[in-house]
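The values are calculated or read from the model by the stated rules, or taken from the named source; none is laboratory data. The structure displayed is predicted, hence computed values, not measured ones. FYI the Cβ positions are ideal-geometry reconstructions off the backbone, even for glycines, and counts take in every protein chain you see. These accessible areas exclude ligands, DNA and RNA; they are computed on the full protein's heavy atoms, side chains included. Shrake-Rupley method; radii C 1.70, N 1.55, O 1.52, S 1.80 Å.
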2 protein chains.
Amino acid sequence: MDMNQTHIFGESLFRLLHAYKRALRENFTAVGIELTVSHIRVLKRIAGMPQCTAQAVAAGMQIDKGRIARLMKELETEHLIEKRHHPEDSRSRQITLTHQGRTLIERINTVEAETSEYMVAGIDKEQLMTCAHIINDMVKNLET
Amino acid sequence: MDMNQTHIFGESLFRLLHAYKRALRENFTAVGIELTVSHIRVLKRIAGMPQCTAQAVAAGMQIDKGRIARLMKELETEHLIEKRHHPEDSRSRQITLTHQGRTLIERINTVEAETSEYMVAGIDKEQLMTCAHIINDMVKNLET
DNA sequence: GCACTTAGTTGTCAATGTCAACCATTGCGG
DNA sequence: CCGCAATGGTTGACATTGACAACTAAGTGC
């Protein structure tokens, strides 16, 4: 890959995430979900981690722990998550989805799946899987 | 691609761009380039467009024209670009790189190439090209 | 001439990222 | 056990990026 193609690759990444984020926002608001993309990402992360804690979310998503604290505070005031005292470490809190949170996650997954379907329309499934693996490899290269 | 894999794909995009941007910022500041990633993206775009105008940059990058105006104003105060009266439309300005701008672009290209090299280390070149095409296809799907 | 569009600038605010200070705990070496 | 560094979390402050709308000036077409 020469320098010119590399350039195009990096630019394409900016374009893709920009467009993807915009599509997500649009589709979420279209069905009446008022959360920001960040809130939704965190909520999904919590949903995927049993006995979740804030630091685990922050570490797992490579997001500043301060930002996570604020996002979670807002998710809590929206009654989408609950914080309980951690049984073994009173500094820490265990985060769990509320019933509302679980219901919302289902709607979120639907919207996200539809958005992704649109994004990958007409693209060969096998190449797509390859692409997904490569993206993960690139993340690994950069994050270590 | 089932729903679960789709989810992972979207999340990976967030992760990748986050890590890529951070790596870029780090490498730019390491060599003493103090511009933000946005400023650099715009500067590169200008470099790649002869007889460039603000609206062309905004349209080409899918970025708000107000934001472009501000970024360009700052690039101008840094003496990296110049605005001249457009010969055929006095509303418009032709944007050109200054000598300093052209010099900087070379350094930028080097840093960016190194960052990309690091990002794609150990990844099959052919698969990488496929991935780049797919990314462009996805952008096309979303932006139209 | 007049309505409409276009290029650019500016104001305002929301969303996101980064860094540092801080508190309350915990765990650990002595 | 004590002192102290490390950890989980919260908060403050600020920079970056994105979105939208109002506005000026100038072109375009009827």
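Can you list, shortest first in nanometers, how far A:GLN62 lies from the same residue in the other copies, with each label 7 Å from Cα toward Cβ?
Copy-to-copy label distances for A:GLN62: 2.1 nm.
Of all the Cα-Cα pairs you can form in the stretch A:35-144, what percent are over 20 Å apart? Write down the numbers at each step before the final one.
Details: 3031 of 5995 pairs.
Result: 51 percent of Cα pairs exceed 20 Å.
Given the rule -39500 (n - 2.57) for each run of at least 4 DSSP H residues, summed and divided by the residues of the protein assembly as shown, what is its mean residue ellipticity at 222 nm, to the nearest 500 deg cm²/dmol?
Details: 12 runs with 200 residues, N = 288.
The per-residue figure over the protein assembly as shown is -23000 deg cm²/dmol.
Once the label point is placed 7 Å from Cα along Cβ, list for A:GLU143 the distances to the corresponding points in the other copies, in nm, shortest first.
Counterpart label points of A:GLU143 in the remaining copies fall at 2.7 nm.
What's the percent breakdown of Cα-Cα distances in the stretch B:31-85 across 10 Å bins, shortest bin first?
Spelled out bin by bin, the stretch B:31-85 gives 23, 62, 14, 0 percent.
So what is the relative contact order for chain B, in percent, with contacts set as C-alpha pairs under 8 Å and at least six apart? Don't skip to the answer; put the middle values down first.
Details: 94 pairs, mean separation 30.8, N = 144.
Here the relative contact order equals 21 percent.
Note down the net charge around B:MET119, summing +1 for each Lys or Arg and -1 for each Asp or Glu among other residues with Cβ under 11 Å from its Cβ. Provide the component values of the computation, followed by the final result.
Details: positive: A:LYS140; negative: A:ASP137, A:GLU143, B:GLU112, B:GLU114, B:GLU117.
Residues close to B:MET119 contribute a combined charge of -4.
Within 10 Å of each Cβ of B:108-115, how many other protein chain Cβ atoms are there on average? Don't skip to the answer; put the middle values down first.
Numbers: counts 1, 4, 1, 0, 5, 7, 1, 3.
Other-chain Cβ atoms within 10 Å of each residue's Cβ, averaged: 3.
Enter the angle in degrees (range 0 to 90, nearest 10) between the Cα long axis of helix A:125-143 and the first principal axis of the Cα atoms of chain A, meaning the one along which they spread out most.
70
Can you tell me the 0 to 90 degree angle between the C-alpha axis of helix A:99-119 and the longest principal axis of chain A, rounded to 10?
Here the helix axis deviates by roughly 0 degrees.
Measuring from a point 7 Å out along Cα→Cβ, what nm distances, shortest first, does A:LYS83 have to its partners in the other copies?
Listed shortest first, these distances are 4.7 nm.
Computing the accessible area with a 1.4 Å probe over protein heavy atoms, can you report the carbon and sulfur percentage for chain B?
Its accessible area is 49 percent carbon and sulfur atoms.
If you take every residue apart from B:GLN51 with its C-beta less than 14 Å away from the C-beta of B:GLN51, what net charge results, scoring Lys and Arg +1 and Asp and Glu -1?
On the way: positive: B:ARG45, B:LYS83, B:ARG84, B:ARG93; negative: B:GLU82, B:GLU88, B:ASP89.
Counting the neighbours of B:GLN51, the net charge comes to +1.
Can you divide the C-alpha Rg of the protein assembly as shown by 2.2 N^0.38 Å and report the result to two decimal places? List each step's numbers first, then the result.
Values: Rg = 21.2 Å, N = 288, 2.2 N^0.38 = 18.9 Å.
Compactness ratio reported: 1.12.
Principal axis lengths of the stretch B:56-110 from Cα atoms, whole Å, largest first?
34, 25, 18
Sorted by average packing, counted as other Cβ atoms within 10 angstrom per residue and highest first, what order do A:75-86, A:107-118 take? Each step should come with its number before you reach the end.
Numbers: A:75-86: 15.6, A:107-118: 17.1.
By packing density, highest mean first, the sequence is A:107-118, A:75-86.
Would you mind getting the accessible area per residue of the protein assembly as shown, heavy atoms of the protein chains only, 1.4 Å probe, in Å²? Kindly include the intermediate steps, with their values, before the conclusion.
Working: 15790 Å² over 288 residues.
The answer is 55 Å² per residue.
Sequence neighbours fewer than 8 away in the same chain don't count; with that in mind, list the aspartates and glutamates whose C-alpha is under 14 Å from A:LYS83.
Reachable aspartates and glutamates: A:GLU74.
Can you give the angle from 0 to 90° between the axis of helix B:3-30 and the longest principal axis of chain B, with both taken from C-alpha atoms, to the nearest 10?
For helix B:3-30, the angle is close to 40 degrees.
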